[in-house]
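Down below is the structure, laid out as structure tokens.
The values are calculated or read from the model by the stated rules, or taken from the named source; none is laboratory data. This one's a predicted model, so the numbers in the text were calculated from it and none came from an experiment. Note that each Cβ is placed from the backbone with ideal geometry, even for glycine, and that neighbours are counted across all protein chains shown.
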Amino acid sequence: MATTKKKRPKMKLQCEVCKKVNYHTNKTQEMIVAGTKMSLKKFCKSCRKHTVHKEGKK
């Protein structure tokens, strides 16, 4: 029998300064269970600097 894998939900990372969606990624299982929102410091092409990117709406 084949095992079934659960798909990880996809999410968008949105720049806090200009509100543009620059990155797409998957959530980890720990974050799904805890119910926390992801935030990373990434490079924004439109701002041309490193800014905080938070999980956007689906």
Listed by first then second residue, the pairs whose first member lies in region 21-34 and is over 27 Å from Lys45 (Cα atoms), whose partner is modelled with pLDDT under 85 and surrounded by 10 or more Cβ atoms within 10 Å (Cβ to Cβ), with beta carbons under 8 Å and at least 6 positions apart or on separate chains, are Gln29/Arg8; Ile32/Arg8; Ile32/Pro9
If you go through region 35-58 one residue at a time, how many are of a type in the set (D, E, K, R) and in contact (Cβ under 8 Å) with a residue 40 or more places away in the chain? 4
Which of the residues belonging to region 18-54 are part of a loop (DSSP other than H, G, I, E, B), surrounded by 13 or more Cβ atoms within 10 Å (Cβ to Cβ) and over 10 Å from the mean Cα position of the chain (by Cα)? Lys20, Cys47
Regarding Met31, is this residue at pLDDT below 95 and touching a helix residue (DSSP H, G or I) at 6+ places or on another chain (Cβ under 8 Å)? no
Considering only region 1-41, state which residues are basic (Lys, Arg) and more than 21 Å from Thr51 (Cβ to Cβ). Lys5, Lys6, Lys7, Arg8, Lys10
